Structures are given as C-alpha cells and as structure tokens.
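Student: Mind looking over this structure? Questions follow.
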Amino acid sequence: MKKSDLLPAWGRILRGYRPLLSIEITKECPLSCPGCYAYGPEHLGNQATLLQLTDRRGDELVDGIVAMVRRYRPIHVSIVGGEPMVRWRELDRLLPKLDAMGVEVQLVTSAVRPIPEHWAAISSLHLAVSVDGLPEEHDRRRKPATYDRILKHIQGQSPIIHCTITAPMLRRDTYLLDFADFWSRRPEVRKIWFSLFTPQQNEDCEERLTVADRHAAVRQLRSVAARFPKVDMPRAVLDGYLRPPAAPEECIFAQSTVCVSADLKTRITPCQFGGRPVCAECGCMASSGLASIGRRQLAGLVPISTLFSLSQKIGDLVGAVA
C-alpha cells in the first residue's frame with residue numbers, strides 16, 4: 001500500500017470499518033511445505049487447528065465472502081489458504097463479483113493447478129505466486145508445485161513472483177541475484193517481491209535470520225532492485241525490514257487488517273501469521289512498509305502512526321455503539 005492510499009483509509013476506519021481483509025479461503029492444500037505457519041498448532045490461537053475447521057464451498061463460500069466484503073468495505077482483499085486454487089470454481093464466480101464491487105484482490109497461490117485464462121482480463125485481480133527460491137530448493141520443498149508446473153500455469157497471466165528469504169539463501173552471495181535474473185527474463189512476470197522469513201516464538205529452524213542476515217538481505221535487495229526493474233522493493237519496505245514493529249499494537253498492518261480463517265468465522269490474530277510471531281523479526285512486506293511510513297511525521301510534527309492509532313481507536317468505539 002502506498003502512503004497516498006493510507007490516509008483516505010482513515011475515513012473508513014472512522015465509520016467503524018477496517019481497510020484491509022485477509023481470508024483463508026480453504027484449509028485444503030496438495031502441498032506439504034516445510035514450516036508452513038498456516039497448519040501450526042498455534043495458528044488459530046489454540047481455538048482449533050486449520051485442519052479442524054469446516055470449509056465452506058459453493059454458494060455458501062461465495063455468498064459468505066461477498067457478505068464479509070459488504071460488511072467491512074475493505075479497499076483490498078487478500079485471498080490465501082491452504083491453496084486457494086483448490087476452490088477455483090468458487091473463485092471463478094467470486095472474482096468478477098469483487099471486481100464489480102470495486103475491490104482490489106490479491107490471490108496468493110503456488111500455481112499448482114492451471115489458472116483460468118480469462119482471469120487475466122479481471123483488472124482488479126493481482127496474482128501472487130509463491131516461489132521458495134531457485135529450482136533445486138523450491139522443487140524439493142514445494143512438490144508438486146514445481147518450477148515446470150508454475151511456468152506452464154502462469155502463461156497468459158501477469159503474476160507477481162514472491163519469494164521469502166531464508167538464512168540458507170544468504171550463504172550464497174549471488175542467490176537473490178540469480179533468482180531475480182531468472183524471473184526477470186520471463187515476459188509474463190510483472191513484478192518480483194521479496195519478504196523475510198518470520199518465525200514464531202520458540203521456533204528454532206535453519207530458515208530463521210540473524211540480525212546480520214537481515215542487514216545482508218537488505219544490502220543485497222538494494223543492489224538487486226537497482227539492477228532489475230521488475231524487482232519492486234520500495235525504500236520504505238527495505239528500511240522497515242531493519243526496524244520492524246516491536247509488537248502487534250505498534251503494527252499498522254496488523255491493526256488495520258481483519259484476518260479470517262476457512263470457516264469465515266474464526267479470527268486469526270494478531271495478524272495473518274497467527275500464533276505468536278516474533279514481531280522483532282517480522283519480514284512481512286506490508287507490515288515493514290507501513291511501519292516505515294508510519295514513522296514519518298505529518299507536517300513535521302506528528303508521526304503518521306500516532307494519528308492512525310488514534311483514528312483506529314475512534315473507529316472501534318464508533319463501530320461498537322453503531
């Protein structure tokens with residue numbers, strides 16, 4: 001979200017609505033990716049696990065999401081999973097409805113199955129394809145959503161390629177450069193995004209970045225972005241990676257997003273990661289970018305984050321008594 005998008009969103013908050021909506025459209029996924037936070041035991045705050053929820057399907061799913069959009073009036077909806085393309089038939093009906101409502105939609109997928117060609121004509125749809133590094137790592141982690149399958153299924157689309165940087169990637173100086181070079185050469189790819197691995201509390205894994213790793217990643221990303229125009233890593237995001245919000249209460253993205261799981265009832269807190277994320281090691285692009293913007297001062301006097309927090313509290317109060 002750009003700075004110019006943030007300020008108009010306050011008007012919606014003041015009316016008791018939140019500007020962003022994130023929906024786990026299904027619990028189903030044909031992949032078994034190591035470290036997937038969505039299936040962790042604490043993802044839903046020990047209320048249940050994602051696999052224990054009852055998925056909605058058909059009319060119940062389509063109508064349920066449309067009702068949520070009408071209720072919250074978001075300026076942006078993220079559709080995640082599970083693997084959203086498991087529900088491609090419902091999406092085929094839902095996406096045109098959201099487009100007609102003037103809602104921007106980001107659909108996050110592994111591209112494990114074909115993407116309907118006519119979706120390319122939906123102007124409000126932004127496809128984000130998750131790729132876990134170069135082929136040797138990605139194909140091992142994400143099978144059956146291999147490179148070959150992704151390249152086949154994104155033909156005719158204009159996707160955003162998204163890669164989460166992990167510590168092992170940084171052991172090779174040219175890893176991010178090689179990744180950006182490969183995907184920049186693909187004519188159908190519109191943008192390339194990089195986030196940083198965000199761990200959960202007490203999570204001890206090889207993917208976790210040290211402070212030195214974060215600085216190395218940002219240095220490399222600045223260089224890669226300067227070389228490849230498709231690498232869309234704004235300065236605000238890179239600066240935010242070095243100073244992420246210390247807690248959910250300080251995170252504009254967490255405070256301005258309603259996250260709902262596959263039954264369209266269970267809330268995911270404190271943000272889309274769920275569970276107990278280590279905020280000091282957050283690598284979410286949206287969180288980092290908004291945190292960096294939030295530290296800037298409006299008219300040289302008051303940090304934007306202070307005004308946003310005040311507006312959000314007023315909005316919650318108005319919503320509670322409306």
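Student: Which condition number in (1) outside any helix (DSSP H, G or I); (2) exposed (fewer than 14 other Cβ atoms within 10 Å of the Cβ) is the one that I79 fails?
Tutor: So I79 meets the others, but not (2).
Matching residues to (1) within 19 Å of the chain's Cα centre (by Cα); (2) part of a strand (DSSP E or B); (3) not aromatic (F, W, Y):
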{"position": "E207", "(1), (2), (3)": "yes, no, yes"}
{"position": "A216", "(1), (2), (3)": "no, no, yes"}
{"position": "V224", "(1), (2), (3)": "no, no, yes"}
{"position": "L238", "(1), (2), (3)": "yes, no, yes"}
{"position": "Y241", "(1), (2), (3)": "yes, no, no"}
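Student: Taking the conditions exactly as written (surrounded by fewer than 21 Cβ atoms within 10 Å (Cβ to Cβ) and within 28 Å of V62 (Cβ to Cβ)), does R171 satisfy them or not? I'd like the intermediate steps shown before the answer.
Tutor: Numbers: surrounded by fewer than 21 Cβ atoms within 10 Å (Cβ to Cβ): yes; within 28 Å of V62 (Cβ to Cβ): no.
Answer is no for this residue.
Student: Pull out all pairs, ordered by first then second residue, where Cβ-Cβ is under 9 Å, the residues are six or more apart or on different chains, the first lies in the stretch 25-40 and is in a loop (DSSP other than H, G, I, E, B), and the second is crowded, with 18+ Cβ neighbours inside 10 Å and of a type in the set (F, W, Y).
Tutor: Correct list of pairs: G35/F197.
Student: If you don't mind, there's one more thing I want to ask. Just one of the numbered conditions (1) touching a helix residue (DSSP H, G or I) at 6+ places or on another chain (Cβ under 8 Å); (2) buried (at least 16 other Cβ atoms within 10 Å of the Cβ) is not true of R243; which one?
Tutor: (2)
Student: One residue is enough: does the stretch 96-117 have a residue meeting the conditions surrounded by 19 or more Cβ atoms within 10 Å (Cβ to Cβ) and either part of a helix (DSSP H, G or I) or over 21 Å from the mean Cα position of the chain (by Cα) (or both)?
Tutor: Yes: the stretch 96-117 contains one or more residues that are surrounded by 19 or more Cβ atoms within 10 Å (Cβ to Cβ) and either part of a helix (DSSP H, G or I) or over 21 Å from the mean Cα position of the chain (by Cα) (or both).
Student: From the list R57, R71, R93, R89, which residue is modelled with pLDDT under 95 and surrounded by fewer than 16 Cβ atoms within 10 Å (Cβ to Cβ)? Give the derivation first.
Tutor: Details: R57 fails: modelled with pLDDT under 95; R93 fails: modelled with pLDDT under 95; R89 fails: modelled with pLDDT under 95.
Unique residue meeting the criteria: R71.
Student: Just wondering, is there one or more residues in the stretch 169-182 that are at pLDDT below 95 and of a type in the set (S, T, N, Q)?
Tutor: So far as the stretch 169-182 goes, no, none of its residues is at pLDDT below 95 and of a type in the set (S, T, N, Q).
Student: Among the residues of the stretch 130-181, count how many are outside any helix (DSSP H, G or I) and under 18 Å from S32 (Cβ atoms).
Tutor: Here is the first cut: in the stretch 130-181, the residues outside any helix (DSSP H, G or I) are 130-134, 143-146, 154-166, 172-174.
Add one more test, that the residue is under 18 Å from S32 (Cβ atoms), and what stays is 130-133, 143-146, 164, 166.
Qualifying residue count, the stretch 130-181: 10.
Student: Right, something else. Go through the stretch 41-65 and give me each residue that's over 30 Å from E137 (Cβ atoms), outside any loop (DSSP other than H, G, I, E, B) and out of contact with any Leu (no Cβ under 7 Å at 6 or more places or on another chain). I'd like the intermediate steps shown before the answer.
Tutor: Within the stretch 41-65, the first condition is being over 30 Å from E137 (Cβ atoms), and the residues that meet it are 45-48, 52-65.
Now narrow it down to the ones that are outside any loop (DSSP other than H, G, I, E, B): 52, 58-65.
Result: Q52, G58, D59, E60, L61, D63.
Student: Return the pairs, sorted by first residue and then second, in which the second residue is of a type outside the set (D, E, K, R) and surrounded by 21 or more Cβ atoms within 10 Å (Cβ to Cβ), the first residue lies in the stretch 127-147 and is without any contact (Cβ under 8 Å) to a residue 24 or more places away in the chain, the beta carbons are less than 6 Å apart, and the residues are 6+ apart or on different chains.
Tutor: So the pair list comes out as H138/V131.
Student: Further question: Determine which single condition D316 fails, assuming it passes every other condition in (1) surrounded by fewer than 16 Cβ atoms within 10 Å (Cβ to Cβ); (2) modelled with pLDDT of 95 or more; (3) within 23 Å of I23 (Cβ to Cβ).
Tutor: (2)
Student: Continuing with the same structure: Conditions: (1) buried (at least 21 other Cβ atoms within 10 Å of the Cβ); (2) in contact with a Ser or Thr (Cβ under 8 Å, 6 or more places away or on another chain). G45 meets all but one. Number of the miss?
Tutor: Result: G45 fails condition (1) only.
The values are calculated or read from the model by the stated rules, or taken from the named source; none is laboratory data. All values reported here derive from a predicted model rather than from experimental measurement. With ideal geometry, Cβ positions are generated from the backbone for all residues, glycine too; neighbour counts draw on all protein chains shown.
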